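Q: Take this structure first; my questions come after.
The values are calculated or read from the model by the stated rules, or taken from the named source; none is laboratory data. These numbers were taken from a predicted model, which means no experiment stands behind them. No Cβ is skipped: glycine too gets one built from the backbone with ideal geometry, and neighbour counts run over all protein chains shown.
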Amino acid sequence: MSPIPAWDDLMVNLGLEPSAPRRQPASRPGAITKCGTAAGWDRHRRRNEPPCDPCREAKNAARLKARRARGVTPLKIAECGTAAGAHRHWRYGEPVCEPCRAARAEASRAQRAKRKASS
Ligand SMILES: [Zn+2]
Ligand SMILES: [Zn+2]
């Protein structure tokens, strides 16, 4: 009369780990997401809060990374002191720096002059 094998023995016989403890999920629901992460940014949005600076930066970095992963990164970062630089500031929600502001004003002035000349 053979004894009924214990569950653990059965698992070992099957090549499985005996009664492996359930692993805790990496992020439990209700775990507080830290600021300065894209998840923190999402949390702010869910709570209808304005995202704080570290979260916004983290989200921007994550967006940039995602964009880069899709292969749509610009060939080079627009330099300051150019209209493209001003556009970059605007896109990233940064305050436009003085050289960029001047360059943009200059560019729009030139464009206006060109339009005037052609009409
Ligand atoms: Zn935050
Ligand atoms: Zn600039």
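Q: Could you run through the range 76-96 and say how many residues are outside any helix (DSSP H, G or I), out of contact with any Cys (no Cβ under 6 Å at 6 or more places or on another chain) and not hydroxyl-bearing (Ser, Thr, Tyr)?
A: Filtering the range 76-96 for residues outside any helix (DSSP H, G or I) gives 76-82, 92-96.
In the following step, the residues that additionally are out of contact with any Cys (no Cβ under 6 Å at 6 or more places or on another chain) were identified as 76-79, 81-82, 92-96.
Going one step further and asking which of them are not hydroxyl-bearing (Ser, Thr, Tyr), we end up with 76-79, 81, 93-96.
So the count comes out to 9.
Q: Take the conditions surrounded by 14 or more Cβ atoms within 10 Å (Cβ to Cβ) and within 16 Å of ligand 1 (Cβ to nearest atom) and apply them to residue 47. Does it pass? Give the steps one after another, and end with the answer.
A: Details: surrounded by 14 or more Cβ atoms within 10 Å (Cβ to Cβ): no; within 16 Å of ligand 1 (Cβ to nearest atom): yes.
So residue 47 fails the test.
Q: Then there is this: Of all the residues that make up the range 98-119, how many are surrounded by fewer than 11 Cβ atoms within 10 Å (Cβ to Cβ) and in a helix (DSSP H, G or I)?
A: The initial filter retains those residues of the range 98-119 that are surrounded by fewer than 11 Cβ atoms within 10 Å (Cβ to Cβ), namely 98, 109, 112-119.
So of that shortlist, the ones also in a helix (DSSP H, G or I) come out as 98, 109, 112-118.
Qualifying residue count, the range 98-119: 9.
Q: Conditions first: (1) out of contact with any helix residue (DSSP H, G or I) (no Cβ under 7 Å at 6 or more places or on another chain); (2) at pLDDT 95 or above. Residue 118 passes all but one, so which condition is the exception?
A: Exception for residue 118: condition (2).
Q: Hey, does the range 82-97 have a residue that's away from ligand 2 (no atom under 16 Å from the Cβ) and surrounded by 12 or more Cβ atoms within 10 Å (Cβ to Cβ)? Outline the logic, then answer.
A: Quick first cut of the range 82-97, residues away from ligand 2 (no atom under 16 Å from the Cβ) only: none.
There is no residue in the range 82-97 that is away from ligand 2 (no atom under 16 Å from the Cβ) and surrounded by 12 or more Cβ atoms within 10 Å (Cβ to Cβ).
Q: Show the residue pairs meeting these rules: Cβ distance below 7 Å; 6+ apart or different chains; first residue within the range 36-61 and within 16 Å of ligand 2 (Cβ to nearest atom); second residue among the aromatic types (Phe, Trp, Tyr).
A: Every condition considered, the pairs that remain are 60/92.
Q: Please return the ranges of helices (runs of 4 or more DSSP H) entirely within the range 1-75 where 1 or more residues are at pLDDT below 80.
A: Working: elements: 7-13, 38-46, 53-69.
Because the criterion is at least 1 residues that are at pLDDT below 80, the helices (runs of 4 or more DSSP H) in the range 1-75 that meet it are 7-13.
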